[in-house]
1. With chain B treated as a Gaussian network of Cα nodes joined by springs under 10 Å, which of B:Leu82, B:Leu33, B:Leu21 yields the largest mean-square fluctuation?
2. Taking the Cα centre of the protein assembly as shown as the origin, how large is its charge dipole in debye, to the nearest 20, when only Lys and Arg (+1) and Asp and Glu (-1) carry charge on their Cβ atoms?
3. In straight Cα distance, which aspartates and glutamates are under 14 Å from A:Lys16, not counting same-chain residues fewer than 8 positions off?
4. May I ask for the Kirkwood hydrodynamic radius of chain A, worked out over all distinct Cα pairs and given in angstroms to one decimal?
5. Just going by the charge dipole of chain A, with Lys and Arg at +1 and Asp and Glu at -1 on Cβ, which of A:Ala1, A:Gln83, A:Ser53 is farthest out on the positive end?
6. May I ask you to list the lysines whose Cα is less than 28 Å away from that of B:Lys97, ignoring any residue fewer than eight positions away on the same chain?
7. Counting other Cβ atoms within 10 Å of each Cβ, which trypsin sites (Lys or Arg not before Pro) in the stretch B:64-107 have at most 16 and sit in a DSSP loop?
8. From the gyration tensor of the Cα coordinates in the protein assembly as shown, what semi-axes in whole Å does the equivalent ellipsoid have, largest first, with each one equal to sqrt(5λ)?
Amino acid sequence: AQKITQTQPGMFVQEKEAVTLDCTYDTSDPSYGLFWYKQPSSGEMIFLIYQGSYDQQNATEGRYSLNFQKARKSANLVISASQLGDSAMYFCAMRGLSGGSNYKLTFGKGTLLTVNP
Amino acid sequence: SQTIHQWPATLVQPVGSPLSLECTVEGTSNPNLYWYRQAAGRGLQLLFYSVGIGQISSEVPQNLSASRPQDRQFILSSKKLLLSDSGFYLCAWARDKTQPQHFGDGTRLSIL
């Protein structure tokens, strides 16, 4: 079974500052992928960044980076230079990649990020 | 580039009425397709996934069913809606199980 924990129901950050959204996970799969999605108030889920469990380097995509600490089972999302448009709900998710894994993405409960001007 | 279309955007239905939500993907072939439901203020729960035409796997027992009549078409249905079926339904696609899933804009379903 897989479990994602996002302990921050809400976060506030000043525009242009960096913010870290926490995510810890638990899985028995030896190989897995970790994802972050953004959900604005309009509802669509927007894929942000992916980290494979065997990737040697932390993933980065523009202003998004993933602080992956495998031993701690954490995959925190770092957003640099926050913008007002970053205000949204952010979900951490994972999926097993081993041969016996199904196709299910397991989501956390999300963190609501508010960027203040 | 690939796009995913989901409709309708919003739907209000009476209890006991049927349901049909449609999702289509363009710009790719043989995608993995998924239906999720999101309760208010919660994360997403996988309802169904499909790896090919006519191949449907159900994650949770419920009042809903899914079908994949064509390669890039995924339909979520119900014969008789319940109040508990209210929620935000999202369709997603991925190239394969190792790739990120990309979501449609969702359907807000309200049952009266």
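Nothing in this text is a laboratory measurement; each read-out follows from the coordinates by a stated rule. Note that the structure is predicted; figures quoted are calculated from it, not measured. Here the Cβ is made from the backbone with ideal geometry for all residues, glycine too, and neighbour counts use every protein chain on show.
1. The residue that fluctuates most here is B:Leu82.
2. On the way: 19 positive and 16 negative charges, 90 e Å.
Dipole of the protein assembly as shown, to the nearest 20 debye: 440 debye.
3. A:Asp86
4. On the way: mean 1/r = 0.0697 Å⁻¹.
Over chain A, the inverse of the mean reciprocal pair distance is 14.3 Å.
5. Of the candidates, A:Ala1 comes out farthest on the positive side.
6. Partners within reach: A:Lys3, A:Lys38, A:Lys70, A:Lys73, A:Lys104, A:Lys109.
7. On the way: sites: B:Arg72, B:Lys79, B:Lys80, B:Arg95, B:Lys97; in loops: B:Arg72, B:Lys79, B:Lys80, B:Arg95, B:Lys97.
Sparse-neighbourhood loop trypsin sites (Lys or Arg not before Pro): B:Lys79, B:Lys80, B:Arg95.
8. Working: eigenvalues 174, 90, 50 Å².
Result for the protein assembly as shown: semi-axes of 29, 21, 16 Å.
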